[in-house]
Amino acid sequence: MAAANAEHFLEQTRTAKKVMVLDLGFLGDTVHMLPALWMVRQAYPQAELHMAVSAQVVSFMECVPWVNRVWGYMRYPRHATLRENIQFVTGLRREKFDVLINLNGSDRSSWLTFFSGARERLGRLPRDGGSPFWKQRFTAHVWCPFGGQPVYVQRCQCLAAAGFPFTQPEFHVEIKPAHLAAAGLSPADTGSYFHLSPFTTDDRKELKPEQLTELIQELENRWPEKKLVVSCAPNERERRKLEALLRGLPRQPWRVYAGDLNLMQLTAVIQHSAVHLCGDTGTLHMALMTGTPTVSWFRPNPGTEEWIPIGAHHRAVMGTGNDRHAALQGIASADVVKAVEEVMKRD
């Protein structure tokens, strides 16, 4: 439901010449913002469109060439300093944006929105109603229910509540063939391999090493014609875990990427796989974006359903237990293999 001052937001700002969409989340947040970003692009065809994202995912935005400029904001591995915040705001104010859209709702991003100097500022009211003076940082805001729908659908619904024409959410992305070639693969390899991202940012979201080994062997036994590609993030923790996993395998995977692919190269590898397998991590959203079938595993947490891909080509296996401090439990390798069978039958 739109706030009284938001339902005509698009109608009142159609002549905007410069538009900023600000979403400073991590990779999954950025991916889930893309369908709404496309709605913004369509609504302001004459405008110069900018987007601000977390600095570590700036290179990923190459996949949306219809955005005129991408801004990076320091979120990881550290928070932006006071000086960096001042520089960021100064840059925003220099651009003199006609419209700034921020559907994230976090306190930090809302203050950045307020200080941006943008003439019209649209926000999404947070679950808890926002911190003191939250509404005053925006010229218009919408309330859209949380949960029940994937995050990317929710964000499109937020724009619809502000008068933007609602269409079926779509990811309008372009992955250059050169990125697949840079990973040592070719279009002829499409569909010939499974891609596995075994690790996440949290040990508690991962299958145990012995179960990963068992799962890999079961995949090989069930689909001997499919090769295996394994990748990890470019940090020491995941590289060590990958080395340990490989030592325990009786046969080495066809390709191993130990954090040596950039985001677009990794996206291309995922895009051309037969099925992408992973836990609760950013690569799942990259697969969703590229239309790649997925099988994923999750621990039960509030809000988890908002991030799980839906549709015939996606399956998620949910663990058991509510202890936030316990390891991932209740997922059998046989259930994961069954899920792979189900999504492959859909092709």
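The values are calculated or read from the model by the stated rules, or taken from the named source; none is laboratory data. On a predicted model such as this, the values are computed, not experimentally measured, just so you know. Using ideal geometry, Cβ is built from the backbone for each residue, glycine included, and neighbour counts are taken over all protein chains shown.
Taking segment 162-195 as the range and being at pLDDT 95 or above and touching a Cys at 6+ places or on another chain (Cβ under 7 Å) as the test, the residues that pass are Val173, Glu174, Ile175. Here the strands (runs of 3 or more DSSP E) wholly within segment 1-93 that include at least 3 residues being touching a Lys or Arg at 6+ places or on another chain (Cβ under 8 Å) are 48-54. As a summary of the residue check, Ala326 satisfies the conditions (1) under 19 Å from the mean Cα position of the chain (by Cα); (2) part of a loop (DSSP other than H, G, I, E, B) except for the one numbered (1). From the list Phe115, Phe88, Phe97, the one residue that fits, being modelled with pLDDT of 95 or more, touching a strand residue (DSSP E or B) at 6+ places or on another chain (Cβ under 8 Å), farther than 29 Å from Asn262 by Cβ and of a type in the set (Phe, Trp, Tyr), is Phe97. Among the residues making up segment 134-182, those that are of a type in the set (Lys, Arg) and either within 26 Å of Ala287 (Cα to Cα) or in contact with a helix residue (DSSP H, G or I) (Cβ under 9 Å, 6 or more places away or on another chain) (or both) are Arg137, Arg155, Lys176. Listed by position, the helices (runs of 4 or more DSSP H) enclosed by segment 144-257 that each have at least 2 residues that are within 25 Å of the chain's Cα centre (by Cα) are 151-161, 177-182, 236-247.
Would you confirm, using the coordinates I've provided, whether Ala36 is aliphatic (A, V, I, L, M), modelled with pLDDT of 95 or more and touching a Cys at 6+ places or on another chain (Cβ under 6 Å)? Yes.
In this structure, does Asp98 turn out to be acidic (Asp, Glu) and within 24 Å of the chain's Cα centre (by Cα)?
When the stated conditions are applied, Asp98 does not pass them.
All conditions but one from (1) part of a helix (DSSP H, G or I); (2) closer than 19 Å to Gln211 by Cβ; (3) of a type in the set (Gly, Ala, Ser) apply to Ala287; the one that does not is (2).
Kindly evaluate Leu228 against the criterion of being touching a residue at least 24 places away in the same chain (Cβ under 8 Å), assigned by TED's automatic domain parsing to the domain that holds Lys338 and under 26 Å from Asp323 (Cβ atoms). Criteria not met by Leu228.
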